[in-house]
């Protein structure tokens with residue numbers, strides 16, 4: 001039996017709050033629901049994950065078939081996980097101190113993550129330079145403090161660091177989007193800001209992470225689709241008030257602001273204007289001579305000259 005209203009046998013799991021989603025087969029586990037904690041085997045070993053949702057079609061499995069959920073997490077495993085989570089801040093402080101002692105000033109330890117049973121400790125770090133940093137000595141130093149844990153280091157980008165640290169967004173929201181609901185980061189480009197008419201001032205389009213703001217992607221597709229049906233800037237158009245040049249476009253309103261030759265400005269909706277080239281082509285066609293006109297076999301409706 002699965003979650004009410006769905007026949008899917010696949011579930012989406014995450015191993016960290018707002019972490020990336022992974023898919024597992026839940027066909028042989030009954031009465032699973034979002035929020036349940038389950039045990040699964042991964043490439044990094046056994047993990048405890050939280051069910052986020054049931055999935056109808058996640059695409060093709062990466063290795064031929066989806067890995068199964070082993071079982072629900074036991075009460076003892078829940079307690080064990082909470083105990084190790086409480087030690088993560090201590091481990092991060094220790095890692096930062098060891099990095100400083102080793103002279104690793106070009107890296108920053110952003111977070112320390114224990115596996116549910118403390119068998120693995122992952123240090124998430126960012127690097128200020130482009131050169132690869134050797135952290136073998138740091139792992140050795142941490143191994144002396146946490147003898148029973150396998151020590152790993154993982155390089156993360158500026159967006160991941162901002163997500164981990166949290167805090168107020170550049171737009172004024174009390175909590176950044178990446179820390180509230182984003183599970184993955186989408187590719188973002190200057191093109192997205194241009195399509196939405198946003199100022200290219202770095203202060204306007206840059207997030208607290210120093211990269212382009214994630215929110216630039218939110219409405220980009222709607223703007224791009226709307227712009228396809230509107231004339232571009234500086235194009236000549238025919239309006240109810242005469243010929244004018246497009247000064248600016250308002251995509252989501254499906255409108256344009258035009259400037260007339262005498263300097264006047266006006267706003268018109270898409271259905272109120274006509275491209276000048278199209279209007280000119282129709283005008284020229286209406287004035288073109290008709291071969292059949294002289295022979296009386298034409299139905300163009302024009303009176304014969306003379």
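Being farther than 30 Å from residue 251 by Cβ and out of contact with any strand residue (DSSP E or B) (no Cβ under 8 Å at 6 or more places or on another chain), is that true of even one residue in region 118-127?
Within region 118-127 (the criterion being farther than 30 Å from residue 251 by Cβ and out of contact with any strand residue (DSSP E or B) (no Cβ under 8 Å at 6 or more places or on another chain)), the answer is yes, since at least one residue qualifies.
Looking at region 4-32 only, could you name the residues that are farther than 16 Å from residue 48 by Cβ and either in a loop (DSSP other than H, G, I, E, B) or modelled with pLDDT under 85 (or both)? Before the answer, list the steps.
Start the filter on region 4-32 by keeping residues that are farther than 16 Å from residue 48 by Cβ, which leaves 4-10, 18, 23, 25, 27-28, 30-31.
Those that are farther than 16 Å from residue 48 by Cβ and either in a loop (DSSP other than H, G, I, E, B) or modelled with pLDDT under 85 (or both): 4, 5, 6, 7, 8, 9, 18, 27, 28, 30, 31.
Is it fair to say residue 195 is buried (at least 18 other Cβ atoms within 10 Å of the Cβ) and within 23 Å of residue 256 (Cβ to Cβ)? It would help to see each step written out before you state the result.
Working: buried (at least 18 other Cβ atoms within 10 Å of the Cβ): yes; within 23 Å of residue 256 (Cβ to Cβ): yes.
Judged against the criteria, residue 195 is a match.
Restricting attention to region 97-116, which residues are in contact (Cβ under 8 Å) with a residue 24 or more places away in the chain and buried (at least 18 other Cβ atoms within 10 Å of the Cβ)?
Of region 97-116, the ones in contact (Cβ under 8 Å) with a residue 24 or more places away in the chain are 98-99, 101-102, 104, 106-108, 110-116.
Scanning region 97-116 gives 98, 99, 104, 107, 110, 111, 112, 113, 114, 115, 116.
Within region 228-266, take every residue that is surrounded by fewer than 16 Cβ atoms within 10 Å (Cβ to Cβ) and closer than 30 Å to residue 172 by Cα and give me the one that is modelled with the lowest pLDDT.
252
Quick one: which strands (runs of 3 or more DSSP E) lie wholly within region 88-190 and hold at least 1 residues that are modelled with pLDDT under 95 and farther than 22 Å from residue 45 by Cβ? Walk me through how you get there before you give the answer.
Values: elements: 107-114, 120-127, 150-155.
In region 88-190, the matching strands (runs of 3 or more DSSP E) lie at 107-114, 120-127.
The values are calculated or read from the model by the stated rules, or taken from the named source; none is laboratory data. The model shown is predicted, which means the values in this text are computed figures rather than measured ones. All Cβ positions, glycine included, derive from the backbone under ideal geometry; neighbour counts span all protein chains shown.
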